[in-house]
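Shown next, in structure tokens, is the structure this report addresses.
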């Protein structure tokens, strides 16, 4: 079987789960991840027409290296509920990092599934630079922190 566009030789770095109502907020983040070399599986870019999305999600969640589950003002969608449960199952089974990602419109206390609340979150907020939040998300996905992120947060690194 040939490699899927956007995947690495060993699969995807991250599965992207989101409520369809948040598509317009999530896709720019996915593009930013891809520009940093992250192989992100998102249905919009990776699911060919005529395929059962449930089969593809099952396949990808079994082999990806992390899962980023996005939540915005509309909360968790019905299919995303199942994706969250599957990702947490993979966390228990093989230690899959599960990253809740709160979009800028999620509010201060979004209604999250109980088990998803236990994972350290990444929050996109208007008062935080987009690039710094992307760096935090990449850290969660790869396990490696950009050495300059902490310095940029405190303003001690030049532009």
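When residue 132 is tested against (1) assigned to a loop (DSSP other than H, G, I, E, B); (2) farther than 23 Å from residue 21 by Cα; (3) at pLDDT below 95, exactly one condition is not met: (1).
Of all residues in segment 38-52, exactly one satisfies the criterion of being within 16 Å of residue 69 (Cβ to Cβ) and exposed (fewer than 15 other Cβ atoms within 10 Å of the Cβ), namely 44. Take the conditions (1) surrounded by 15 or more Cβ atoms within 10 Å (Cβ to Cβ); (2) under 18 Å from residue 71 (Cβ atoms); residue 146 misses just one of them, which is (2).
Which residues, taken from segment 106-117, are closer than 24 Å to residue 144 by Cα and out of contact with any helix residue (DSSP H, G or I) (no Cβ under 9 Å at 6 or more places or on another chain)? The answer is 117, and nothing else.
Yes/no per residue for (1) over 18 Å from residue 23 (Cα atoms); (2) outside any loop (DSSP other than H, G, I, E, B); (3) in contact with a helix residue (DSSP H, G or I) (Cβ under 6 Å, 6 or more places away or on another chain):
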site: 84; (1), (2), (3): no, yes, yes
site: 92; (1), (2), (3): yes, yes, no
site: 104; (1), (2), (3): no, no, no
site: 120; (1), (2), (3): yes, no, no
site: 128; (1), (2), (3): yes, no, no
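It is to be established whether one or more residues within segment 44-57 are at pLDDT 95 or above and farther than 17 Å from residue 141 by Cβ. No, segment 44-57 contains no residue that is at pLDDT 95 or above and farther than 17 Å from residue 141 by Cβ.
Let's see how each residue does on (1) assigned to a helix (DSSP H, G or I); (2) under 19 Å from residue 146 (Cα atoms); (3) touching a strand residue (DSSP E or B) at 6+ places or on another chain (Cβ under 7 Å):
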| site | (1), (2), (3) |
| --- | --- |
| 22 | yes, no, yes |
| 27 | yes, no, no |
| 30 | yes, yes, yes |
| 34 | yes, yes, yes |
| 44 | yes, no, no |
| 49 | no, no, no |
| 56 | yes, no, no |
| 59 | yes, no, no |
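Among residues of segment 64-82 being more than 15 Å from the chain's Cα centre (by Cα) and in a helix (DSSP H, G or I), the one that is farthest from residue 23 (Cα to Cα) is 82.
Considering segment 97-111, the residues that are in contact (Cβ under 8 Å) with a residue 24 or more places away in the chain and out of contact with any strand residue (DSSP E or B) (no Cβ under 6 Å at 6 or more places or on another chain) include one that is nearest to residue 73 (Cα to Cα), namely 107. Among the residues of segment 131-139, some residue qualifies, meaning at least one is free of Cβ contacts under 8 Å to residues at least 24 places away in the same chain and touching a strand residue (DSSP E or B) at 6+ places or on another chain (Cβ under 6 Å).
The values are calculated or read from the model by the stated rules, or taken from the named source; none is laboratory data. Computed from a predicted model, the values in this text were never measured in an experiment. Glycine gets a Cβ as well: all are built from the backbone with ideal geometry, and neighbour counts include every protein chain shown.
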